[in-house]
Amino acid sequence: MKKNKQHIVVLFIVVLLSAVSCTDVFDESQLDQAPEQDLDFDKVFTDYEQFREYLDYSYYFMPGHLGRLWNSLVAELSDEAEGLGVNVCSPAFNNGAWSGDEISGIGSNPVANANRELVYLWEDLFKGIRQVNTVIKNIDLVENFPSQEVYDRSLGEAYFIRAFLYFELVKRWGGVPIFDTPLELGVDELDIPRNTYEECINFIVEDCDRASQLLGVEYTEGDVGRATIGAALALKSRTLLYAARPLNNPTNDLEKWKLAAAAAWDVINLNHYSLDPDYVNMFFRPDLGSEIIMNRPRPKINFEQGHTDNSNFLVRFIVPQGYNGWMGTAVTQNFVDLYEDSNGFPITDASSNYNPNDPYANRDPRLRMTVLYNDRYWYDRNTQFYTGGLDYGSTLINPIGYSIAKFWPEAHQRYKGTSTYLNYIYFRYAEILLNYAEAVNEAYGPDGTYPGSGLTAREATTQVRQRVNQVPIPMVLSSSKETMRERIRNERAIELCFEEQRWYDVLSWEKGEEIFGEQNPIKGMKITKNPDDTFIYEPYIYETRVFKSHMHRYPIPNNEIYKSTVLEQNPGW
């Protein structure tokens, strides 16, 4: 092969030490090794083993870490949660202080970690796109693929990763510049305008279609975590659903909803996935089970592990002080109020059996499965979120009254020698059913079906609810497209809570001002314990947040705007 020094690939890349299975590639122990390294083009694209390492690292550009904002969860940006203490970055979003400028002080100013969702993320996603573009352009130079199947899978993975990275861009920023080949300094025009949102969606869908023709349905244990046909189709489903929603479909073009319904049905119709009967422990299993379509595999962690970039989520961060945690993230009263009563009615409905004096009785079973609230049994005692109680805290105070149970196995306790799996889930089957329900309801009504499917929007939501023994959505609340829409959105909030879905869902529904702004101030629950061991529950306003209309789209980093003559900033920024 002719050598060409212009083809030296310069990237920030981990030195991958071992073989090419994803179990090894996604090993947390390798993630701290991130020197800047020049990789010779000839070596990477002539030898399969080195090529495989190069492609495998592309997965790291996919956001896949619940603690990727360091001491904050994405849930804190939404009405799901509140970041507590002085080390969180969520106030930058909650106070409306975010912008296209990089926040200074990484390492000394906790709020600067918001850059990880803004400036740094923009940069990292485009770095990843350049890397997979290099793979796609040069894969045919590799002469020693073990088989045609491995060649096809490798190319399919590259198309999938590129589609995923572009979706992560457009769900935040809208239309962005499309690069389908790696650009070269001095050769290609580097100052490129934004493509339209529709062009970006078409590009992502095309890559998903290419990937789905090349990838396998499932892989052996050592390759769990790689993209599959199901992952490619799930990404297409999510992409087309976002494209059909109000932010991106202001005229409510029903054809877009029909495309979204078809894409979700394609995943369902694989007949490869089903709901895991164990909703609670699904998040801690070492494998995919029946529901998880794609995850990022991690090694088991103990109570102290997990706070480095791209590594495991630090469980201790969501644990109350009474259980030796840091109490960094509290669940809001607003979000707890979204859990229906046991008959499927909102707790504000006149038909509800909700009792404000016993607020956690007779509720959707997922409340107990996902949230720690006062006076419920947990591990070895009843929780104490009342003022002065162990879980209210003495130095690490939780004045909101709730914490997250969903990502904290009950038996996983500090100083007890326990460990757990906590793999980041990219796609699971419940989301696909809810994607289908939302799209079918908009295109065909609550009791209509995607042609040829035989599955109604109502039946899809019922499957999700029955898994946890919650009743179907009452007909009286969902007889029209409009009323069913509200219940599907609520169902999505509850089923997918804290999984980095709610914030982006609300943005794409264009409901941020209503749900995240001053119209819906963040509430907590003041709890007082009486001498007779009963409790007084008093909701109160904890914080009023700022959300303006233009915030439904992220600001493009200003450093990108300033150095370009054609890149346009999103309106309002």
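The values are calculated or read from the model by the stated rules, or taken from the named source; none is laboratory data. In this text the structure is predicted, and so the values were computed from the model without any measurement. No Cβ is skipped: glycine too gets one built from the backbone with ideal geometry, and neighbour counts run over all protein chains shown. Note: accessible area is taken over every heavy atom of the protein model, side chains too, but ligands, DNA and RNA are not part of it. Shrake-Rupley method; radii C 1.70, N 1.55, O 1.52, S 1.80 Å.
Some notes on this structure:
- Tally of residues being among the acidic types (Asp, Glu), closer than 17 Å to Ser549 by Cα and open to solvent by less than 10 Å² (accessible area, probe 1.4 Å) across the stretch 494-511: 1
- Top-ranked residue of the stretch 134-148 - restricted to ones that are free of Cβ contacts under 8 Å to residues at least 60 places away in the same chain and assigned to a helix (DSSP H, G or I), ranked as farthest from Asp42 (Cα to Cα): Gln148
- Enumeration of residues in the stretch 473-482 that are surrounded by 15 or more Cβ atoms within 10 Å (Cβ to Cβ) and over 9 Å from Asn441 (Cα atoms): Ile473, Pro474, Leu477, Ser478
- Of the candidates Gly105, Gly96, Gly85, the single residue that is without any contact (Cβ under 8 Å) to a residue 24 or more places away in the chain and either under 21 Å from Phe498 (Cβ atoms) or open to solvent by 10 Å² or more (accessible area, probe 1.4 Å) (or both) is Gly105.
- Among the residues here, Ser549 qualifies as out of contact with any Pro (no Cβ under 7 Å at 6 or more places or on another chain), of a type in the set (Gly, Ala, Ser), open to solvent by 60 Å² or more (accessible area, probe 1.4 Å) and on the phi < 0 side of the Ramachandran plot.
- Considering each residue of the stretch 60-74 in turn, at least one proves to be more than 28 Å from Val319 (Cα to Cα), at pLDDT 85 or above and either part of a helix (DSSP H, G or I) or among the hydroxyl-bearing types (Ser, Thr, Tyr) (or both).
- The single condition from (1) acidic (Asp, Glu); (2) in contact with a helix residue (DSSP H, G or I) (Cβ under 7 Å, 6 or more places away or on another chain); (3) open to solvent by 20 Å² or more (accessible area, probe 1.4 Å) that Glu491 fails is (3).
- Check on Asn374, surrounded by fewer than 16 Cβ atoms within 10 Å (Cβ to Cβ), at pLDDT 95 or above and part of a loop (DSSP other than H, G, I, E, B): no
- Flag for Val440 being closer than 22 Å to Leu288 by Cβ and either within 23 Å of the chain's Cα centre (by Cα) or open to solvent by less than 10 Å² (accessible area, probe 1.4 Å) (or both): no
- Scanning the stretch 377-416 for residues that are open to solvent by 20 Å² or more (accessible area, probe 1.4 Å) and among the polar types (S, T, N, Q) yields Asn382, Gln384, Thr387, Ser394, Thr395.
- Out of Ser99, Ser108, Ser72, Ser58, one residue alone is under 26 Å from Gln569 (Cα atoms) and either polar (S, T, N, Q) or in contact with a helix residue (DSSP H, G or I) (Cβ under 9 Å, 6 or more places away or on another chain) (or both). It is Ser99.
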